[in-house]
1. Tell me, yes or no, whether the stretch 304-315 has at least one residue that is crowded, with 19+ Cβ neighbours inside 10 Å and within 19 Å of SER459 (Cβ to Cβ).
2. Here are the criteria: (1) more than 14 Å from the ligand (Cβ to nearest atom); (2) surrounded by 18 or more Cβ atoms within 10 Å (Cβ to Cβ); (3) of a type in the set (Asp, Glu). Tell me which single one GLU70 does not satisfy.
3. Would you point out the residue of the stretch 106-122, among those that are over 19 Å from ILE149 (Cβ atoms) and not aliphatic (A, V, I, L, M), that is least open to solvent (accessible area, probe 1.4 Å)?
4. Looking at GLN383, GLN452, GLN394, can you tell me which residue is in contact with a Phe, Trp or Tyr (Cβ under 9 Å, 6 or more places away or on another chain) and of a type in the set (S, T, N, Q)?
5. Of the residues that make up the stretch 287-304, is at least one under 24 Å from LEU160 (Cβ atoms), β-branched (Val, Ile, Thr) and out of contact with any helix residue (DSSP H, G or I) (no Cβ under 6 Å at 6 or more places or on another chain)?
6. Does ILE363 fit the bill of being over 32 Å from the mean Cα position of the chain (by Cα), open to solvent by less than 30 Å² (accessible area, probe 1.4 Å) and in contact (Cβ under 8 Å) with a residue 12 or more places away in the chain?
7. If LEU228 passes every condition in (1) touching a Phe, Trp or Tyr at 6+ places or on another chain (Cβ under 9 Å); (2) at pLDDT 95 or above but one, which one does it miss?
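The values are calculated or read from the model by the stated rules, or taken from the named source; none is laboratory data. Bear in mind that the values here come from a model prediction, so they are computed numbers and not experimental data. Using ideal geometry, Cβ is built from the backbone for each residue, glycine included, and neighbour counts are taken over all protein chains shown. Quick note on the areas: whole protein, heavy atoms, side chains included, nothing else; ligands and nucleic acids left out. Shrake-Rupley method; radii C 1.70, N 1.55, O 1.52, S 1.80 Å.
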Amino acid sequence: MSVRVRIAPSPTGNLHIGTARTAVFNWLYAKNKGGSFILRIEDTDLERSKPEFTQNILDGLKWLGLNWDEGPIFQTDRTALYQTKIQSLLDQGLAYRAYDTPEEIETMRARQKARNEAPRYDNRHRNLTPDQIAAYEAEGRTAVIRFKIEDSREITWTDLVRGNVSWKGRDLGGDMVIARASNTGTIGAPLYNFVVVVDDIDMGITQVIRGEDHIGNTPKQILLYEALGATVPEFGHTPLILNETGAKLSKRDGVTSIFDFKKMGYTAAAFCNYMTLLGWSPIEGMDEIFSLESASKVFGFDRVNKAGAKFDWDKLNWINSQYLHAMPVPELTDLLIPYWQEAGFAFDPIADRPWLERLVAVIGASLAKLTDAVEMAEYLFTQAVTPTEDATKQLGLDGVKDALSAVLAAIPTEALTEESAKAIIDAVVKEKGVKKGLVMKSLRAGLTGSLQGPDLMQSWLLLNAKGWDRIRLTGAIG
Ligand code: GLU
């Protein structure tokens, strides 16, 4: 049977790293097995689901390169199917209408709490007589639909990640609500655990690979598979992503949405590479830098860890830097242009392209994140710069202004080349009898406004191409 896996995000928030990493594992597994990766949008929570979140999820998966083979399939389009399936469970006596009021449920819970018992439904409406039902309906009560869960059941499965897992029926909280309250004879909105199973059966899902936070749903869902007469798929629960303190990575950690990582300057390929390493260990002898395509050749759940995966910024930065350093200049230029535009730098991406590529060739090897290029190259995008304190001090040293005046005077009218720039410096050193180091340091201070930064000669050439070297040195000489 060919492998069919899915990612099933709820559009109640932006695509976050937990779902994205689960999507990566599903994608890798599908590719490894020559199977299909399906996208399902779980939008049954009408109050919290929003079209903009759906869009963010689709855009995020596309940005990451996690292309899906089928979908997106929206659960809200499938209500009729869910209702038919609920009706079949009612008809078989595997589910029933429960008429408890919210107050009655609350009283039951309070009593359980007072007895130090775990909260559960005590199945009190499982065997109502026709008279009792008629009386509740005459009162105008609405009914939820509950699926029967036998306390005596033991549910076991061999998890792709966690091995043998076993749950007792009595730990599942009693008969489970599968549809919200509705009036006599109608079926209310079906709930999460039920629709997931109906969909996974209908879509022929062979492996359900999802976050460990869903592990408690799996025994309930297995019982639903049985009740619906379907083959139970395999399950794999992937480890949580943890922050530095060992807690689940959450909004409080500042970033969870995929596009936050894009904004911070990570590339999609590097980020996918990093996400794969969050829980999966490469095979012996395999480099830690890999494409999803190459990881898919060897991916398997035998190398997915059970323990939570700690999010490590240093590692992510290192991986990202490896991608940026290996990237051809034109490609890196394409990626950097939006960051420079976002920073408000004035340039023409088409007319200035050759100049931009020269700039990228100079700074590319120093970047860990795309955003680093904003601060690193700022001095090349504005005509004037405000010198730092150190640079100002440098420019005030004895003989500096004199040396820089000589450099300024020697700048040719035609474009400067590396050779002509070097020749100017050598000539000034000789003519003024000053140390070369002093001229270089002062030239950096005068041209870039700082004592640190990218290669001085290349910076000079880039400024010269705009005619700004003259302006800067004139300003520095004062
Ligand atoms: N909709 C669920 C979520 O976003 C996933 C359900 C599943 O994978 O079974 O967490």
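1. No, the stretch 304-315 has no match at all.
2. Exception for GLU70: condition (2).
3. Per the stated criteria, the residue is THR107.
4. GLN383
5. yes
6. no
7. (1)
Here is a yes/no grid of residues against (1) closer than 20 Å to MET457 by Cα; (2) over 27 Å from the mean Cα position of the chain (by Cα); (3) crowded, with 16+ Cβ neighbours inside 10 Å:
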residue	(1), (2), (3)
ILE350	no, yes, no
LEU367	yes, no, yes
THR371	no, no, yes
LEU380	yes, yes, yes
